[in-house]
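Notes follow once the structure below has been shown.
The values are calculated or read from the model by the stated rules, or taken from the named source; none is laboratory data. On a predicted model such as this, the values are computed, not experimentally measured, just so you know. Cβ coordinates were reconstructed from backbone atoms using ideal geometry, including for glycine residues, and neighbour counts include every protein chain displayed.
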Amino acid sequence: MGKISAERLLEVMSDFDESGGASMGLVAWELYVPEQDVAVAWDQAVVNGWLQPAGHDGANDEQLWRLTLTGRAASAKPGRRSS
């Protein structure tokens, strides 16, 4: 499948938003790709202020993240292009 887009990352993150967030590992698992295929879009989302820390998953020892208001707005824009 290759590296995922920022748009796809935001779509998956919005699916997990109500349940408390997701880690990069969970997003990769959901998309059936290695974490490195998520990393570029993930870093872009953090830099753009689309993701914020949302707690910690003790079972997997991973930081959980959720969409910010800006991230929700970006994920809702049809045909949004990542910058």
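What is the number of the single condition among (1) without any contact (Cβ under 8 Å) to a residue 24 or more places away in the chain; (2) surrounded by 14 or more Cβ atoms within 10 Å (Cβ to Cβ); (3) of a type in the set (A, V, I, L, M) that Leu64 does not meet?
Unmet for Leu64, out of (1) without any contact (Cβ under 8 Å) to a residue 24 or more places away in the chain; (2) surrounded by 14 or more Cβ atoms within 10 Å (Cβ to Cβ); (3) of a type in the set (A, V, I, L, M): (1).
Residues of region 1-17 being within 15 Å of Ala76 (Cβ to Cβ) and modelled with pLDDT under 90, which ones?
Asp17
For Lys77, indicate whether it is surrounded by fewer than 15 Cβ atoms within 10 Å (Cβ to Cβ) and in contact with an Asp or Glu (Cβ under 7 Å, 6 or more places away or on another chain).
no
Quick check, is Gly20 closer than 16 Å to Ser5 by Cα and in contact (Cβ under 8 Å) with a residue 24 or more places away in the chain?
no
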